[in-house]
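Participant: Sharing a structure here in structure tokens format.
The values are calculated or read from the model by the stated rules, or taken from the named source; none is laboratory data. Keep in mind the model is a prediction, meaning the values are calculated, not measured. Note that we place each Cβ from the backbone using ideal geometry, even for glycine, and neighbour counts take in every protein chain shown. Heads up: the accessible areas ignore ligands, DNA and RNA and are worked out on the full protein's heavy atoms, side chains in. Shrake-Rupley method; radii C 1.70, N 1.55, O 1.52, S 1.80 Å.
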Protein chains: 4
Amino acid sequence: MKHVVLLLSCQDRPGIVAGVTGWVAKIGGNITDAQQHTDHHDGMFFQRVKFTPPDGSSIDDLAERFRSVAGELNLSYQFCTLPYRPRTALLTSRHLHCLSDVLSRVHLGDLALDVKFVASNHDDGREICEMYGHQFRHLPTENADSRAKHEADLLRLLDSRQLDLVILARYMLVLSKQIVEPWSGRMINIHHSFLPSFVGANPYRQAHDRGVKIIGATAHYVSEVLDEGPIVAQGVVQVSHRDDVAALTRRGRDLETTVLASAIRAHLEHRVLVFGNRTIVFD
Amino acid sequence: MKHVVLLLSCQDRPGIVAGVTGWVAKIGGNITDAQQHTDHHDGMFFQRVKFTPPDGSSIDDLAERFRSVAGELNLSYQFCTLPYRPRTALLTSRHLHCLSDVLSRVHLGDLALDVKFVASNHDDGREICEMYGHQFRHLPTENADSRAKHEADLLRLLDSRQLDLVILARYMLVLSKQIVEPWSGRMINIHHSFLPSFVGANPYRQAHDRGVKIIGATAHYVSEVLDEGPIVAQGVVQVSHRDDVAALTRRGRDLETTVLASAIRAHLEHRVLVFGNRTIVFD
Amino acid sequence: MKHVVLLLSCQDRPGIVAGVTGWVAKIGGNITDAQQHTDHHDGMFFQRVKFTPPDGSSIDDLAERFRSVAGELNLSYQFCTLPYRPRTALLTSRHLHCLSDVLSRVHLGDLALDVKFVASNHDDGREICEMYGHQFRHLPTENADSRAKHEADLLRLLDSRQLDLVILARYMLVLSKQIVEPWSGRMINIHHSFLPSFVGANPYRQAHDRGVKIIGATAHYVSEVLDEGPIVAQGVVQVSHRDDVAALTRRGRDLETTVLASAIRAHLEHRVLVFGNRTIVFD
Amino acid sequence: MKHVVLLLSCQDRPGIVAGVTGWVAKIGGNITDAQQHTDHHDGMFFQRVKFTPPDGSSIDDLAERFRSVAGELNLSYQFCTLPYRPRTALLTSRHLHCLSDVLSRVHLGDLALDVKFVASNHDDGREICEMYGHQFRHLPTENADSRAKHEADLLRLLDSRQLDLVILARYMLVLSKQIVEPWSGRMINIHHSFLPSFVGANPYRQAHDRGVKIIGATAHYVSEVLDEGPIVAQGVVQVSHRDDVAALTRRGRDLETTVLASAIRAHLEHRVLVFGNRTIVFD
């Protein structure tokens, strides 16, 4: 543990910054970065404090010592450690560019994920997955029966591996509430449109038919309502009448991979706070 | 008349380009720019041909001489002239940045509009309008009665001035079908969102509540259904959790002015072809 | 005085944030925004703290009371007030879009500048300037003699009006060290290229000849070396082979106006700290 | 051969479009896309005509039949076929993200390259290269002697494999004129800056020290002068004072991969015409 990140939120009132930073100074920590945000409309205060803890202190120690400060200030908070390398599952379907991109970044050291397995309702992803030395699980969904089995298998699989993070890398099935709920704030999806435009299936076809001049991609935490979860990152690119659905699809690929990677990176660096259906993403 | 622009569309089939360019060569014109687009999905062909006509020829001459070619090839087409300085009305309400920006561009020679009048349901725009020497018409809408009168006055005003173009520069009322219909393809609106996201009122409030990381503006030809007309230009800008509704509103201003100006320019240069609810905007 | 902004910089070491925020709490201020930046490479710490001061306190009071804290922590700092409406001079030449845009924003309340006068080496700007009710000073430079007189008149003019800010809105002459020096950090220029590309004259011609696919604009504080001062804001736009020098010039206009306005806004909100030849621009 | 692309350039004069499109119609071809560009400043005309050739015709047939038209109109031209899958060599050094990205795109069918080998002055790329089943050649350059041998080996290697295309995927050595010259217009480099800013070594360090607010990447055909060749594609991303050299380097990666891929795609689709040190890149 080189650094500790303290993420906190509370009703805004005077004295919070002084209270928190004073506490860090008191325990002998050194703040290396601090960012805060006040939402004046909702009267909320959010802060991310990154500090080097005193030698030998554990997360549990820190949490214990922080308790009284947090109580006085009535804070919601969590302590996180850096560097962070979460136990991660990737789900995918037939479009493999996001999977391939994430695995390449992991391989090159650009994203610190401890990939436990990749699962898919199609077998197409096996090759790239095994090339990189990861376990691949094919959970087919050819018919209604297998669809239920797919969900049950997936649920068991996600439960059994002590995962910290689930990434939907162009996984094209809608997950049930039962699967999604436990992963609140820890399951990232990439949707291939500039949400809230073009929710649901075939967003590039929808974008083409509406004649938009810009397309986008959106990475968000998954919530129970499809494509409605808190947005972490978005990207856009200019298009024109020359781009048919196939061209939009191809041009969207680079967006999807970079936007997904950007959201994963923010998550890994503990830069994201969720408030209702919105996010605070510190720089 | 320095240049002629021929805009045409038809079912795609061999021989159109050769037929049209051959005709221009035959009458002694010189093509200075030609762009085409084939929509393979809908089987349609679109072309913009800019040429210097032979000395002394009028638009009517050219149309007359082109008739047989157009008939053979079964073309929809129109001849336009360049430079073009349309008789223009501007409608606005209380947010004056788009109006001010368009008038400034007209004044500096950046947009060639022959501004016939500015009308508004508020008197706020009068000052800037009269500073630039344009006529201002205040058509109030304080109550239901005056709303009907506003529409009637506006209808009469638009009818009476032999206008070529109507620009809605943050005009905040919804126009009736009766007013909109005759101006198909000649009435440009700026909507302060990245359509089709956030149709209707208070798009910046909607954007804030959805927690998007990018906001946009959309210039489109007005159709009978609010915010549904063919899109001519869109622009976007990155935002963050730090931007409250007021900040989004302020940051959106620059987008709105530049996107609206860009759409007006495309219209003035005869670079826009409407096909169904989409546009082909040649470069 | 509704808010106070404290901008500070110092060698990075533990305890600064706690010391500063503790001081604000102690005097009864309430921090409404705080942002900090640590430059690990240069070992420097920078902070912007915005707070509501206790009732009745003046800037001088605050500075007096802060002195001992600043001494202990060895800080460089300045106290600023918000809202801020600096006494401002605008300089321009023949390209009037930046001048017109700034004056329009001032008129609409988008930029809070107290415009004292506009000066130019050409008379072209008089009309727009006087339309908005500002004083215009024509300081011609037809020949070498008048060039020296222009500088002398300008120097006197800038000195005589107790100005806080000078904006070069496409002022095309190179100012001497004598004029520039006293305005360090308070004279903003817009250069029509993506610096450090295309320093000096005719950047759009240079951009065209190099065949770049993107052009830019740069707002920077003026330093003694032409186009070398600390950059406050930059913007870019995609271009193509279709854009000749005239088209680049036209497309660059919108960039120049929005980038200049963005830099002015950052300055007005006391969000800019200069460190060497770089800037920290807080969000 | 499904389609033929005819790329041509000549002095601008009346009749070229009609002559070329007439010829395609005469031989029974069907134009599916045509784009042209007139450079009025240099008096040059450029065109890309994509057509389906008559059944059974070869490129040689077409060139033969076109000769008289080309002679009359004094055209420079080349016929190309689509789909096109050039025999390609990739050169790299230690930064492997561009290599990994290109190989991933080839694997997923996004870029149609027939990769003949990857060569590098470091052995680091071997793993990713062999994972994808490609030949890897390590040509070390530990000292001055081996540097000369590296060049000689590389020259021989490039000569011996009947290559169509060479891609420098973050290959960090400067190639001699002898190697570069034969590959004019067929050797693509990615430079990690927004050229012409920050030519040469350590552009991210240079960008940091200049304090720019936007960084870029540039893909260009390699010419004899370092970083001076014709630009095919550029991309940019906003940065801030928070980005130190390491952060700029990391953020630049996504730019480099997408800009390089974009340039390769334009090359594969025969959309690039080189004129002097500029390019026409048709959409």
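Participant: Tell me, what % of the accessible area of segment C:3-82 is carbon and sulfur with a 1.4 angstrom probe?
Facilitator: Values: 1460 of 3330 Å².
Carbon and sulfur atoms account for 44 percent of the accessible area of segment C:3-82.
Participant: Using a 1.4 angstrom probe, figure out how much accessible area segment A:3-82 has per residue, in square angstrom, rounded to the nearest whole. Numbers along the way, then the final one.
Facilitator: Working: 3330 Å² over 80 residues.
Normalised by residue count, the accessible surface of segment A:3-82 is 42 Å².
Participant: Another question, if that's okay. Between copies, how far does the label point of D:Ala247 sit from its twins, in nm, shortest first, when each point is 7 Å from Cα along Cα→Cβ?
Facilitator: Its label point is 1.7, 3.7, 3.7 nm from the equivalent points in the other copies.
Participant: List the residues of segment A:34-53 whose accessible area drops by at least 10 Å² when all protein chains are present, compared with their chain alone, using a 1.4 Å probe and counting only protein heavy atoms.
Facilitator: A:Ala34, A:Gln35, A:Gln36, A:His37, A:Thr38, A:His40, A:His41
Participant: Hey, can you list the DSSP H helices of chain D whose Cα span along the axis is 18 Å or longer and whose average Kyte-Doolittle score is at least -0.5? Working shown, then result.
Facilitator: Working: long enough: D:59-73 (20 Å, -0.10); D:144-160 (24 Å, -0.65); D:245-268 (33 Å, 0.23).
Taking the DSSP H segments of chain D (at least 18 Å long, mean hydropathy at least -0.5), we get D:59-73, D:245-268.
Participant: Please compute the volume of the convex hull spanned by the alpha-carbon atoms of segment D:165-283 and report it per residue in Å³.
Facilitator: 95 Å³
Participant: Between the label point of D:Met44 and that of the same position in each other copy, find the distances and list them shortest first in nm, with every label point placed 7 Å from Cα along the Cα-to-C-beta direction.
Facilitator: Reported distances to equivalent positions: 3.5, 4.5, 5.7 nm.
Participant: In addition: Across the protein assembly as shown, what fraction of all alpha-carbon pairs, as a whole percent, falls in each successive 10 Å bin from zero upward?
Facilitator: Result, from short to long distances: 2, 9, 16, 22, 22, 17, 9, 3, 1, 0 percent.
Participant: If you don't mind, another one. Run through the DSSP bridge list for the protein assembly as shown and note the antiparallel percent, rounded to the nearest 5.
Facilitator: On the way: 158 of 222 bridges.
Beta bridges within the protein assembly as shown, antiparallel portion: roughly 70 percent.
Participant: Separate question: May I have the extent of the alpha carbons of chain B along their three principal axes, as whole Å values ordered from largest to smallest?
Facilitator: Cα spread of chain B along its principal axes, largest to smallest: 59, 41, 35 Å.
Participant: Additional query: Rounded to the nearest 5, what is the percent of antiparallel bridges among the DSSP beta bridges in segment C:119-254?
Facilitator: Working: 11 of 16 bridges.
Once the DSSP bridges in segment C:119-254 are tallied, antiparallel ones form about 70 percent.
Participant: Between Rg and the Kirkwood Rh of segment A:87-244, both from Cα atoms, what is the Rg to Rh ratio? Working shown, then result.
Facilitator: Values: Rg = 16.0 Å, Rh = 16.4 Å.
Across segment A:87-244, the Cα-based Rg/Rh ratio is 0.97.
Participant: For the interface of chains C and A, what total accessible area is buried with a 1.4 Å probe, rounded to the nearest 100 Å²?
Facilitator: Details: alone 13950 and 13970 Å², together 26760 Å².
Protein heavy atoms only, the C-A interface buries about 1200 Å².
Participant: Report the net charge of residues surrounding B:Arg278, where surrounding means a beta-carbon distance below 14 angstrom and charges are Lys +1, Arg +1, Asp -1, Glu -1. List each step's numbers first, then the result.
Facilitator: Numbers: positive: A:Arg205, A:Arg210, A:Lys213, A:Arg242; negative: A:Asp209, A:Asp243, A:Asp244, B:Asp39, B:Asp42, B:Glu228.
With Lys, Arg at +1 and Asp, Glu at -1, the neighbours total -2.
Participant: What lysines sit close enough to B:Lys213 to cross-link, taking a C-alpha to C-alpha distance under 29 Å and skipping anything fewer than 8 places away on the same chain?
Facilitator: Cα-Cα hits under 29 Å: A:Lys50, A:Lys177, A:Lys213, C:Lys50, C:Lys213, D:Lys213.
Participant: Of all DSSP beta bridges located in chain C, what percent are antiparallel, nearest 5? Please list the in-between numbers first.
Facilitator: Working: 39 of 55 bridges.
Here the share of antiparallel DSSP bridges comes out near 70 percent.
Participant: Based on DSSP H runs of at least 4 residues, each adding -39500 (n - 2.57), what is the mean residue ellipticity at 222 nm of chain B after dividing by all its residues, to the nearest 500 deg cm²/dmol? Display every interim value, and only then the final one.
Facilitator: Details: 8 runs with 97 residues, N = 283.
Helix-only estimate at 222 nm: -10500 deg cm²/dmol.
Participant: Taking a label point 7 Å from the Cα of C:Thr81 along the Cα→Cβ vector, which residues of segment C:3-31 have an amide N closer than 15 Å to it?
Facilitator: C:3-6
Participant: If the elastic network links every pair of Cα atoms under 10 Å, which of A:Ile264, A:Ile27, A:Ile231 fluctuates the most in the Gaussian network model of chain A?
Facilitator: For chain A, modelled as a Gaussian network with Cα springs under 10 Å, the answer is A:Ile27.
Participant: Could I ask something else about it? Suppose all protein chains stay in the model; what accessible area per residue would a 1.4 Å probe give for segment A:197-261, in Å²?
Facilitator: Working: 2090 Å² over 65 residues.
Normalised by residue count, the accessible surface of segment A:197-261 is 32 Å².
Participant: Could you sort the residues of segment A:196-216 by number and keep only those whose accessible area is reduced by 50 Å² or more in the all-protein-chain setting relative to the chain alone, 1.4 Å probe?
Facilitator: Listed by number, the residues meeting the 50 Å² cut-off are A:Pro196, A:His208, A:Arg210, A:Lys213, A:Ile214.
Participant: Continuing with the same structure: Suppose you put the label 7 Å out from Cα in the Cβ direction; list, shortest first and in nm with one decimal, how far A:Pro182 is from each other copy's label.
Facilitator: Inter-copy label distances (nm, one decimal, shortest first): 6.3, 6.7, 7.2.
Participant: What is the calculated FRET efficiency for D:Met44 to C:Ser58, with r their C-beta to C-beta distance and R₀ = 56 Å, to the nearest 0.05? Before the final figure, lay out each step's value.
Facilitator: Details: r = 68 Å, r/R0 = 1.21.
In this case the efficiency is close to 0.25.
Participant: Heavy atoms only, probe 1.4 Å: what % of the accessible area of segment C:208-283 goes to carbon and sulfur, would you let me know?
Facilitator: On the way: 1160 of 2330 Å².
Carbon and sulfur atoms account for 50 percent of the accessible area of segment C:208-283.
Participant: If eta is 0.890 mPa s and T is 25 °C, what Stokes-Einstein diffusion coefficient results for segment A:15-131, Kirkwood Rh from Cα pairs, in µm²/s?
Facilitator: Values: Rh = 17.6 Å.
D, rounded to a whole number, is 139 µm²/s.
Participant: Something else: Just want to confirm a number: the relative contact order over chain B, from Cα pairs under 8 angstrom separated by 6+ residues, in percent. Mind showing how you got there, number by number?
Facilitator: Details: 511 pairs, mean separation 42.4, N = 283.
Reported as a whole number, the value is 15 percent.
Participant: Here's another thing I want to ask about it. Checking buried surface per residue: for segment D:3-19, which residues lose a minimum of 20 Å² accessible area in the protein assembly relative to the chain alone (1.4 Å probe)?
Facilitator: Flagged in segment D:3-19: D:Pro14, D:Val17, D:Ala18.
Participant: Which percent of the Cα-Cα distances in segment C:3-82 go past 17 Å? Don't jump to the answer; show the numbers that get you there.
Facilitator: Values: 1229 of 3160 pairs.
Value for segment C:3-82 (Cα pairs over 17 Å): 39 percent.
Participant: If Lys and Arg each add +1 and Asp and Glu each add -1, what is the summed charge of the other residues whose beta carbon sits under 11 Å from the beta carbon of B:His134? Display every interim value, and only then the final one.
Facilitator: Working: positive: B:Lys116, B:Arg126, B:Arg137; negative: B:Asp114, B:Glu130.
Net of charged neighbours comes to +1.
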